[in-house]
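Here is the structure we will look at, set down as structure tokens.
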Amino acid sequence: MEKYVVEVRSQTLYELLKKPVDLHRLKKYIEHCERCMAAFLRGFADSEGSVKKSGYIFILNTDLRLLTYIMDLLRRLGIESTGPMLKAQRGTIFYDPRMGKKYTHNKDVYVIYIRVSSNTNFYRYVGFTIRRKQRRLEEYIKRRTTPSTNIPQQTPHTYLIN
């Protein structure tokens, strides 16, 4: 197993990333332009989002205020969403089949869903950098488009990783 150590000596970066994250201070960077909003949403969706085979895109998080902000950014890019809705209450037990273990939610978990009618806009403007998520979204869009309409071109600033 390889181990990496990263050292950053930037007071500005430290102030931006220290926890708890102060959204008010980050907004000027996130909302700088549409590309910055899309990049922020892409990173957030990579870490907190998923795409079902049925094409449903959803994003989970325990911070209700943050999810409300995410919905606002999506709306500003022409992507409609529903929620946030309570997905799991604090204290409930869930089973993770990948790990084969039971866990207890320490906080309430909320979910937002991207409206299926906005999947194409999500693909076009946000997308995923995680290849398996992006492929699943592409496969869904291909199944739903007619032969006369092509799958929209991916944005040039999207970089895919495994």
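All of the numbers you see were taken from the coordinates with simple rules; none came from a lab. All values reported here derive from a predicted model rather than from experimental measurement. Here Cβ is always computed from backbone atoms with ideal geometry, including for glycine, and neighbour counts include all displayed protein chains.
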Return the long-range amide H neighbours of I130 (sequence gap of 5 or more, or a different chain), with a cut-off of under 5 Å between placed amide H atoms. I161
How large is ³J(HN,Hα), in whole Hz, for each residue of the stretch 106-121 in order, when computed from phi with the Karplus curve 6.51 cos²θ - 1.76 cosθ + 1.60 and θ = phi - 60°, using x for Gly and Pro? 7, 9, 5, 10, 10, 9, 10, 10, 7, 4, 4, 5, 9, 4, 5, 5
Would the stretch 1-144 count as rounded, prolate or oblate if I go by the C-alpha gyration tensor, calling it rounded below 1.5 in a/c and otherwise prolate when a/b exceeds b/c, oblate otherwise? rounded
Total formal charge among the other residues, if their Cβ is under 12 angstrom from that of I130, Lys/Arg +1 and Asp/Glu -1: +4
What distance in nm separates the simple spin-label points at I93 and R25, each placed 7 Å from Cα in the Cβ direction? 4.1
Relative contact order as a percentage, the stretch 21-144, C-alpha pairs under 8 Å and 6+ apart, gives 29
Using a cut-off of 12 Å between beta-carbons, work out the net charge of the residues near Y95 (Lys and Arg +1, Asp and Glu -1, Y95 not included). +2
